[in-house]
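Quick notes on the structure that follows.
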Amino acid sequence: MKIQEAYTDWSTTYDLDRNLTRDLDRLATRETLSNLCCKSILELGCGTGKNTELLAQIGERVLALDFSEGMIEKAREKLSFDNVTFAVADITQPWVCEDQSIDLVTCNLVLEHVRDLSFIFREAYRVLVESGQFFISELHPFRQYQGTQANFLRNQQRTEIQAFVHHISDFTSAAAANHLKLARMKEWWHEEDQNKPPRLVSFMFDKR
């Protein structure tokens, strides 16, 4: 099953499934971004809108993108904000934003499904204003080394969604190559992850 098809299939139960990674990502995003105040935000991979509500609170305008029509439909059903626009888009293609028009780009649990990080960072640099920020929250590579990847259960059959392993240095190198400076990095554990490797890693990059 292709990645796009898999997420559209998953969209029907995504919010209901037990998913510690999803829940931790929401917590990490809120803890990192809740004190920001932005004119314009670009959300890459909004899914069913688990972080979009927060972004609508801290941003004057939010463009929330996902390449799954099913995920976007669920987000539209749940959320109704005058300052949020949802759109279906493939982020591995040129983004629908003007140069230097975005204060904050966010990308959550998406890049494991993107083979080439360099294009993502290049586009982030292009659309960000000076001093703009790029927030990333992803499955920690330590988990990927153990074979963990996005998956869901449907009719007693588990679907694993195609993923690519990105090392920590892959993120920092792609950022540096595109003139984005690492401001901070943090590893995250769910409360049920005692004595286990970190579940998520987050980065905040600045355009300087």
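Run the simple label-point estimate for residue 88 and residue 2 please: 7 Å along Cα→C-beta, distance reported in nm.
Inter-label distance under the simple model: 1.1 nm.
Between residue 129 and residue 170, what's the calculated FRET efficiency when r is the beta-carbon distance and R0 is 25 Å? Round to 0.05.
Between residue 129 and residue 170 the formula returns 0.45.
For a test of the definition: using alpha carbon positions, the gyration tensor, and the 1.5 limit on a/c, classify the stretch 66-208 as rounded, prolate or oblate.
Note, shape of the stretch 66-208 comes out oblate.
State the percentage of accessible surface on the stretch 1-127 attributable to carbon and sulfur atoms; use a 1.4 Å probe and exclude ligands, DNA and RNA.
Carbon with sulfur: 47 percent of the solvent-accessible area.
Can you give me the Cα centroid spacing of the stretch 1-55 and the stretch 59-130 in angstrom?
11
Let me spell out the model: positive unit charges on the Cβ of Lys and Arg, negative unit charges on the Cβ of Asp and Glu, origin at the Cα centre of the stretch 88-208. What dipole size does that give, in debye rounded to 20?
The dipole of the stretch 88-208 has a size of about 240 debye.
What nm distance separates the two modelled labels at residue 179 and residue 151, each placed 7 Å from Cα along Cα→Cβ?
4.3
Select from the stretch 82-153 those GluC sites (Glu not before Pro) which occupy a DSSP coil region and have at most 15 other Cβ atoms within 10 Å, ordered by residue number.
When the GluC sites (Glu not before Pro) of the stretch 82-153 are filtered for loop state and at most 15 Cβ neighbours within 10 Å, 98 remain.
Given the options 77, 43, 60, state which has the largest fluctuation in a GNM of the chain using a 10 Å cut-off (strictly under) for Cα springs.
Top of the fluctuation ranking is 77.
Treating only the Cβ of Lys, Arg, Asp and Glu as charged (+1, +1, -1, -1), what charge dipole size does the chain show about its Cα centre? Round to the nearest 20 debye.
360
For the cross-link pairs 39/74; 2/207; 2/50, which exceed 31 Å when the distance is taken from alpha carbon to alpha carbon?
Exceeds cut-off: 2/207.
Provide the percentage of antiparallel DSSP beta bridges, counting only those with both residues in the chain; round to the nearest 5.
Approximately 50 percent, going by the DSSP bridge assignments.
Using the Karplus curve 6.51 cos²θ - 1.76 cosθ + 1.60 with θ = phi - 60°, what ³J(HN,Hα) values do you get for each residue of the stretch 146-151, in whole Hz, with x for Gly and Pro?
Those phi angles translate into 8, x, 6, 7, 4, 7 Hz.
In the stretch 63-107, which trypsin sites (Lys or Arg not before Pro) are in a loop and have at most 12 other Cβ atoms within 10 Å, using DSSP for the loop call?
Sparse-neighbourhood loop trypsin sites (Lys or Arg not before Pro): none present.
For the stretch 7-54, which trypsin sites (Lys or Arg not before Pro) pass both filters: DSSP loop (anything but H, G, I, E, B) and at most 16 other C-beta atoms within 10 Å?
18
According to the square roots a ≥ b ≥ c of the eigenvalues of the Cα gyration tensor, what is the shape class of the stretch 1-144, taking rounded for a/c under 1.5, prolate for a/b larger than b/c otherwise, and oblate for the remainder?
rounded
Using a Gaussian network model of the chain with C-alpha springs under 10 Å, which one of 137, 169, 68 is most mobile by mean-square fluctuation?
Taking springs between Cα atoms under 10 Å, the residue moving most is 169.
At a Förster radius of 41 Å, what calculated FRET efficiency corresponds to the Cβ-Cβ distance of residue 196 and residue 115, to the nearest 0.05?
0.90
Would you kindly state how much longer the chain becomes between residue 206 and residue 142 on full extension, computed as 0.36 nm times their sequence separation minus their alpha carbon distance, in nm to one decimal?
Difference between extended and current length: 20.6 nm.
Could you put 37, 46 in order of accessible surface area, largest first, with the 1.4 Å probe and the full protein assembly present?
The most accessible residue leads, giving 37, 46.
The values are calculated or read from the model by the stated rules, or taken from the named source; none is laboratory data. Since the model is a prediction, treat every value here as computed from it, not as a measurement. Neighbour counts run over all protein chains shown; Cβ positions are idealised from the backbone, glycine included. Areas reflect the complete protein model, heavy atoms only, side chains present, ligands, DNA and RNA absent. Shrake-Rupley method; radii C 1.70, N 1.55, O 1.52, S 1.80 Å.
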